[in-house]
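The values are calculated or read from the model by the stated rules, or taken from the named source; none is laboratory data. The structure displayed is predicted, hence computed values, not measured ones. Because the Cβ atoms are built from the backbone with ideal geometry, glycine has one as well, and the counts that use them run over all protein chains shown. Each accessible area value is taken on the protein alone, full model and side chains, heavy atoms only, with ligands, DNA and RNA left out. Shrake-Rupley method; radii C 1.70, N 1.55, O 1.52, S 1.80 Å.
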Amino acid sequence: MPLLTIESVTKEFDGVIALQDVSFGVEASEILGVIGPNGAGKTTLFNCITGIIPPTRGTISYRGEAIQGRQPYQIARLGIGRTFQVVRPFPNLSLRDNVLVALGHRHYPGLRRALSACRTDANRRIAAALLTRVGLSSGHDRAAGTLPLGLKKRLEIARALALEPRLLLLDEPSGGLRHEESQQLLDLIRDLNREGISVVLIEHNMPIVMGVCHRLVVLDHGVKIAEGDPAAVRTNAQVIEAYLGKAVN
Ligand SMILES: Nc1ncnc2c1ncn2[C@@H]1O[C@H](COP(=O)(O)OP(=O)(O)OP(=O)(O)O)[C@@H](O)[C@H]1O
Ligand SMILES: [Mg+2]
């Protein structure tokens with residue numbers, strides 16, 4: 001049984017069909033890429049999985065249990081973590097406190113309670129380890145809002161990891177990153193996957209997609225137009241057409 005199963009998921013926004021009858025599975029410990037042109041419905045799919053918005057129709061099952069319509073915190077507690085396309089750490093909190101809040105969310109929803117309850121030495125050590133894990137080995141007292149975008153994206157991953165996810169959804173993690181930063185991100189994704197975390201990666205950067213993903217799902221105008229291994233998908237005629245006739249490379 002796949003870890004996550006999306007079955008006939010449709011999402012309509014006031015007449016706009018953002019997802020139409022989308023079905024696929026995410027196998028335990030795979031890295032699945034979700035690609036497609038702008039507006040294809042990729043972020044909407046993550047929003048439906050993580051409970052930010054309920055699907056209009058369809059079923060989303062995690063470890064065999066239907067989860068559609070549940071609250072985001074409930075879904076996070078089941079072990080589904082995510083990062084956002086537009087990063088949103090707490091800008092006035094330090095890097096460490098941003099991770100402490102995420103650690104606290106496991107036990108206490110609500111910012112203030114989470115922070116005060118979680119400022120223990122043990123949690124500080126966990127936060128430091130998570131930040132170091134994503135390549136933020138120093139400056140943990142710095143306000144998150146002062147970080148450049150590439151480092152904010154890493155902080156977002158540290159925050160997602162604080163919830164000890166079994167499945168991690170990454171929405172364009174390489175957007176705005178320099179080549180070298182993207183390569184480090186690739187290594188991190190591979191390492192996390194080796195440790196047993198399944199990853200679903202929304203990504204426009206094709207070298208990253210082709211280099212790291214075991215399998216791809218392609219969306220176009222809310223419809224799944226292809227699914228399969230990266231080599232087969234990149235030569236699929238419908239996929240090439242969706243990318244305005246440009247070769248997918
Ligand atoms: N909250 C919303 N209300 C109304 N329409 C929405 C909403 N969220 C998304 N849409 C619409 O749904 C469609 C899919 O948007 P979505 O953000 O999921 O695309 P995407 O594949 O993530 O695109 P991009 O690659 O640009 O991030 C678009 O037409 C978008 O305008
Ligand atoms: Mg998006």
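Considering each residue of the stretch 166-189 in turn, at least one proves to be open to solvent by 40 Å² or more (accessible area, probe 1.4 Å) and within 23 Å of residue 77 (Cα to Cα).
Consider residue 113 carefully, then state whether it is more than 12 Å from ligand 1 (Cβ to nearest atom), at pLDDT below 95 and assigned by TED's automatic domain parsing to the domain that holds residue 136. Answer is yes for this residue. Within the stretch 201-222, being open to solvent by 40 Å² or more (accessible area, probe 1.4 Å) and within 16 Å of ligand 2 (Cβ to nearest atom) holds for 204, 205, 221. Screening residue 184 with (1) modelled with pLDDT under 90; (2) assigned to a strand (DSSP E or B) gives one miss only, at (2).
Okay, residues lined up against (1) under 19 Å from residue 85 (Cβ atoms); (2) modelled with pLDDT of 95 or more:
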residue: 4; (1), (2): no, yes
residue: 11; (1), (2): yes, yes
residue: 21; (1), (2): no, yes
residue: 29; (1), (2): no, no
residue: 41; (1), (2): yes, yes
residue: 51; (1), (2): yes, yes
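Residues of the stretch 44-83 that are within 16 Å of ligand 1 (Cβ to nearest atom) and open to solvent by 40 Å² or more (accessible area, probe 1.4 Å): 52, 54, 56, 57, 72.
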